[in-house]
């Protein structure tokens, strides 16, 4: 009871799954859909900032809305999403085809102020070992300037985050380990701990029963640590102390969460991509306001095709970039829904289109 009282007083809570494992990188917003924060690698949200109601969102779990007054032990349980890809037969074709759906939400202290969503046709050409992607997207900002700045400056980068990649995050971490940049150590059963010389930066969880592997990793923290280590070594060589302000290069934190299917040998093909989440959390330099960029991408279809078949498939699967059609696409493909008050704030951005 004493522990619970302390947790509630500090408004600190831990988000876990049904097995009791902590859930990292949960996006937390308040009743208005305004940003509260994000859970750390151990599932902790350090401060609810005086909010009585919280929305919890994570790509691999069902969004939930909780009341802090109802939490008695400082822990909140999220349920796995019912999102599984059917097995498909590997065929001797020219292309592996993967259709992905993505959505990006930009939160600040006032709530969601920018939304971008789209459908991507991805292919991997076996002969050339080459990936290609065709993206159809729509976006809407709280005002025209926000939409213009985000869409033109980083719009293409956002679209790429929803595409399949030749090298998964898991494969990249294995490469970093081989190059001596990271260490990957065995933890609890089915879990590996990824760390560098400074701290733990993520986890690799392999579920042989569900036939999938999950990789969680903070890439920007790793980049900052590399820079800090390099500067410390240079300063030590000169008999000096590294400059404190240069130890952290990024004013924000970036975390990846990525899921791939695996076979009985623990291997994945490029078309085994299931889902990806990217979170960037930081503060605006001028206003000091906190912000969060949340991107979620899901595989919605996959197959093995010849180029002629692929051209026809693109025609058959055409989705016009209209908010109503995009919402219908989400329903047909069982994309997990956002918390109702978060969705209602996003709908306000598209109010004119939805009222037509």
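What follows is calculated from the coordinates using simple rules that are stated; it is not laboratory data. Bear in mind that the values here come from a model prediction, so they are computed numbers and not experimental data. A quick note on method: Cβ atoms are made from the backbone with ideal geometry, for glycine too, and the neighbour counts reach across all protein chains shown.
Numbers at a glance
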item: For the stretch 281-356 and the stretch 195-211, distance of Cα centres in Å; result: 28 Å
item: Relative packing of 311-324, 202-215, which averages over residues the other C-beta atoms within 10 Å, highest first; result: 202-215, 311-324
item: Candidates 308, 134, 165: whichever shows maximal mean-square fluctuation once the chain is modelled as a Gaussian network with Cα springs under 10 Å; result: 308
item: Computed [θ] at 222 nm, helices only, for the chain once each DSSP H run of length n ≥ 4 contributes -39500 (n - 2.57); result: -7000 deg cm²/dmol
item: Relative contact order of the chain, pairs being alpha-carbon contacts under 8 Å that are 6 or more residues apart, as %; result: 19 percent
item: Residues 224, 63 arranged by fewest to most Cβ contacts within 10 Å; result: 224, 63
item: Order of 57, 268, 137, 223 - criterion: other Cβ atoms within 10 Å of each residue's Cβ, fewest first; result: 223, 268, 137, 57
item: Packing-based order for 325-332, 270-277, using average beta carbon neighbours within 10 Å, highest first; result: 270-277, 325-332
item: Protection-proxy order for peptides 29-41, 13-25, 121-133, each taking the mean of Cβ atoms within 10 Å per residue, highest first; result: 29-41, 13-25, 121-133
item: Residue with peak Gaussian network fluctuation, the chain [Cα springs, cutoff 10 Å], from 304, 256, 115; result: 304
